[in-house]
Amino acid sequence: MKSAVIPLLRILLLVLVSTTLAPDWGTAADAEPPPDEVTARGTTLKGRVLDLEANGIHFRTIYGKGEIFIAYEEIEQMTTQGEFYIYPSDGQIIKGRLVGKEGESLLVGTESEPASRLNHRSIVRGVPAGTYERSWIDRLRTEYPWWKVSLDAGWEFERTAVDKNKIFLGFNAERRKSPTRFIADLRYAFETQQTVSEPKSTTTDEMRAFLRGEYDFTPHWFLFVEPAAEWDRPRGIDVRAYPGTGLGYRFVETKTALLQFLLGPGYVYEEFTDLESNEYAAVYFGLDARYAFRSYFITLLRLQYMPGIQDIDENWLFRAELEFSVPITQVLAMKLRFTQVNDNNPSPDVGNNKFTSNLLISFGF
């Protein structure tokens, strides 16, 4: 646990102190180096190697616009003019030019040392040296390739016949290093309103937190455990805990897409402000989906349904969340999030349904 917490704290500190608008010090007058060369399926392509990933490279040719992805298995030879910072799975950073390929090994060379062999199956990430040395974000992504961290914030102020103040704060951290995935998510929202004839009142005071641990035991099947808790004071919910555990099946997981289904036993415990507490055994159904359009417009969908085993009409929870994220800079993004909450809240004044939408600024990488 300590080894995971220390990198996370460092990531958060560097994200907060780094500039959100990193300047580009290059100019049009900079001398353009000769193109990189990649030979795949008997054809030699000229252009620029943009970065290295676990399964292949992103390459921009000199013959047109856009970039292509080439898997390592299809690459026969590869040479680059510039150096790369390459992060293999053993935790060390290797710096050098790509000067060839032999079997499953990439040849990495420097001006002072002969080429060394690096098995492409061990590569987690690699970025050009110029980008790494200039950008805080690419440095973080290279040094901590398994982490994704974001801090979300939203604020709404309205001065009319009804004065409103609303804030939203959120934190999400995900660590994916096969065969494990760990997710921590914490959100808090608070809102007050006041009219000419009525004093200030709290209309929103809610918190939700969950942790998720996953362990892959086949390429598609995994075990999961997910403790979760929340409160919603205006709706009369002092505390609600709803952990779940079981099996999951991952249909697809790539850089741009994720689709997985979760199923297992669950448990719900509820304490209400003016009513008796409630608890019941449940079945956990979950669905996670993510897709990146054009590698930057990200859509997230998460569904969770926990019906009671004994009395499904009286005891049940449902959560649905749809989120759209568009980057503004390397560390800044705009998020639009829709959330639907359905549960068996016994207070007739509150009801079972709650729909919210939030427009947020997100800092992270």
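The values are calculated or read from the model by the stated rules, or taken from the named source; none is laboratory data. Since we're looking at a predicted model, the values are computed, not measured. Every residue, glycine among them, receives a Cβ derived from its backbone with ideal geometry; neighbour counts consider all protein chains shown.
Tabulated data
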item	result
Residues within region 173-210 that are among the acidic types (Asp, Glu), touching a Phe, Trp or Tyr at 6+ places or on another chain (Cβ under 6 Å) and closer than 30 Å to SER89 by Cβ, tallied	1
Among the candidates PHE222, PHE217, residue that is within 23 Å of MET306 (Cβ to Cβ) and either assigned by TED's automatic domain parsing to the domain that holds ARG319 or touching a residue at least 24 places away in the same chain (Cβ under 8 Å) (or both)	PHE222
LEU259 assigned by TED's automatic domain parsing to the domain that holds ASN315, more than 19 Å from the chain's Cα centre (by Cα) and either closer than 18 Å to HIS220 by Cβ or of a type in the set (Lys, Arg) (or both)	no
Selected residue [of a type in the set (A, V, I, L, M, F, W, C) and surrounded by 15 or more Cβ atoms within 10 Å (Cβ to Cβ)] from VAL196, VAL283, VAL252	VAL283
Subset of region 161-188 [outside any strand (DSSP E or B) and within 15 Å of LEU258 (Cα to Cα)]	SER178
Hits in region 253-272 (condition: of a type in the set (D, E, K, R) and under 29 Å from ASN315 (Cβ atoms))	GLU270, GLU271
Condition check for GLU198: part of a loop (DSSP other than H, G, I, E, B), without any contact (Cβ under 8 Å) to a residue 40 or more places away in the chain and at negative phi	yes
Residue match in region 204-219 (condition: modelled with pLDDT of 90 or more, of a type in the set (Val, Ile, Thr) and within 30 Å of ALA71 (Cα to Cα))	yes
Residue within region 108-128 that is within 30 Å of LEU332 (Cβ to Cβ) and either surrounded by fewer than 17 Cβ atoms within 10 Å (Cβ to Cβ) or not assigned by TED's automatic domain parsing to the domain that holds VAL49 (or both) present	no
